[in-house]
Amino acid sequence: MLKPKKTKFRKHQKGTLKSNRKSVLFTNTLKEGLLRLDSMQSARITSKQLESCRQSISRRIKRVGKLEIKAFPDLSVSKKPTEVRMGKGKGAIDFWVCKVKPGTTVFEISGAQRATSIKALKSAASKLPIQVRIVG
């Protein structure tokens, strides 16, 4: 699974996700034969969700194309065990997430046929908790 090797701080605060869609520019400049998956909402995507998307894409495009993951989970989310009383500090790290804003590229595919790469990105989009669009 994706997680950073080394971090400056062990635990992070939750923060907020601001979804201001007007200030985001969707760029349409692409290389030859390149498709990408762009987010249309702001959300936190977990490393498990990114890994399941990566597996489904790589199964479809096989070894013909190249897959790049542009979103990396670098924020830790802590969780206390069930039935534990309040207090006694913050819980242990449970999973890793990345914050995604509208217009952020999550995956890029190059080198594969267009029809197979569109099918691969559609299968990956069904595994993500946000609305995405295929650009290319």
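The values are calculated or read from the model by the stated rules, or taken from the named source; none is laboratory data. Model, not experiment: these values are computed from the prediction. No Cβ is skipped: glycine too gets one built from the backbone with ideal geometry, and neighbour counts run over all protein chains shown. Keep in mind that these areas ignore ligands, DNA and RNA; they rest on the heavy atoms of the full protein, side chains included. Shrake-Rupley method; radii C 1.70, N 1.55, O 1.52, S 1.80 Å.
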Within region 32-58, of all residues that are touching a strand residue (DSSP E or B) at 6+ places or on another chain (Cβ under 7 Å) and modelled with pLDDT under 90, the one surrounded by the fewest Cβ atoms within 10 Å (Cβ to Cβ) is G33
Go through region 59-76 and report how many residues are touching a residue at least 60 places away in the same chain (Cβ under 8 Å), touching a strand residue (DSSP E or B) at 6+ places or on another chain (Cβ under 8 Å) and either open to solvent by 20 Å² or more (accessible area, probe 1.4 Å) or assigned to a strand (DSSP E or B) (or both).
5
Would you call P4 more than 22 Å from A120 (Cβ to Cβ), at pLDDT 85 or above and either open to solvent by 40 Å² or more (accessible area, probe 1.4 Å) or part of a loop (DSSP other than H, G, I, E, B) (or both)?
yes
